[in-house]
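Quick notes on the structure that follows.
The values are calculated or read from the model by the stated rules, or taken from the named source; none is laboratory data. Note that the structure is predicted; figures quoted are calculated from it, not measured. Every residue, glycine among them, receives a Cβ derived from its backbone with ideal geometry; neighbour counts consider all protein chains shown.
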Amino acid sequence: MTTSGSQPLVEIRGLNHWFDEAGSPKQVLRNINLSVNPGEIVILTGPSGSGKTTLLTMVGALRAAQEGSLRIFGHELKDARNPELTQLRRQVGFIFQAHNLMPYLSALQNVRLGLEVLPAWLKQGRSAMDGRCQQGLEQVGLGHRLHYSPAKLSGGQKQRVAIARALVAGPKLLLADEPTAALDRESGRDVVDLFQRLAKEQQAGIVMVTHDNKVLDIADRIVALEAGALVES
């Protein structure tokens, strides 16, 4: 559900991107035009290699734009300086396919990483952060695994820790790459219910890459990429 008249959280116009492949440029994104509004859930679909993850990382300011315009929260990412990019990334929640959990930290400590980059939470102190992180893990069904290391968690539990870390600070924009891939049907529905609450209650924008047909019903829009081009919406 979008808020009418509000500024888009993501505005992409004429975006092109190339990778170097054996010394030759290979175009992976072709003339992408896309907006994501507050409170809107956009799902990206398409075959492997179509450019979905590349586009997601570019929206999150993890990969530099080469040609075209890419704006988040009204700020142009192309040619932006590192301090500005850092400030923008702090307002974005990321869920990666590979979990990216720190193996030497507990589930609670991994989630706390999502707050320790935010000065406002650092001022509140460790106790307040841990309370919020425990709440976040309880929301994904891991209240009984707070002090477990990743090595003692299943693949699905690791994914839920990563999801809790991305959601813990209530991001303005959530970018999720196959967030339900390692989850059973019930856990997957619980997670997308959390996404819907974030969009509805906090007017966050959500962009999710998925091949999971069971969760397509949460989308306000489904956007398909094929060979790097937007083919339907």
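Among helices (runs of 4 or more DSSP H) lying entirely in the stretch 126-216, which contain 3 or more residues that are among the acidic types (Asp, Glu) and either free of Cβ contacts under 8 Å to residues at least 24 places away in the same chain or crowded, with 22+ Cβ neighbours inside 10 Å (or both)?
Values: elements: 126-139, 155-167, 185-202.
In the stretch 126-216, the matching helices (runs of 4 or more DSSP H) lie at 185-202.
Assess whether GLU67 counts as being surrounded by fewer than 16 Cβ atoms within 10 Å (Cβ to Cβ) and at pLDDT 90 or above.
Numbers: surrounded by fewer than 16 Cβ atoms within 10 Å (Cβ to Cβ): yes; at pLDDT 90 or above: yes.
Yes: the conditions hold for GLU67.
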Inset, instruction - Exactly one condition in (1) within 28 Å of ALA181 (Cα to Cα); (2) in a loop (DSSP other than H, G, I, E, B); (3) touching a strand residue (DSSP E or B) at 6+ places or on another chain (Cβ under 6 Å) is not met by THR53; state its number. - result: (2)
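Table: residues versus (1) part of a strand (DSSP E or B); (2) crowded, with 18+ Cβ neighbours inside 10 Å; (3) modelled with pLDDT of 95 or more.
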| site | (1), (2), (3) |
| --- | --- |
| ILE12 | yes, yes, yes |
| LEU15 | yes, yes, yes |
| PHE19 | yes, no, no |
| PRO25 | yes, no, no |
| ILE32 | yes, yes, yes |
| SER35 | yes, no, yes |
| PRO38 | no, yes, yes |
| ILE43 | yes, yes, yes |
| SER48 | no, no, no |
Inset, instruction - Hey, could you check the stretch 52-76 for residues that are of a type outside the set (A, V, I, L, M, F, W, C) and in contact with a Ser or Thr (Cβ under 9 Å, 6 or more places away or on another chain) and say which is nearest to ARG30 (Cα to Cα)? - result: LYS52
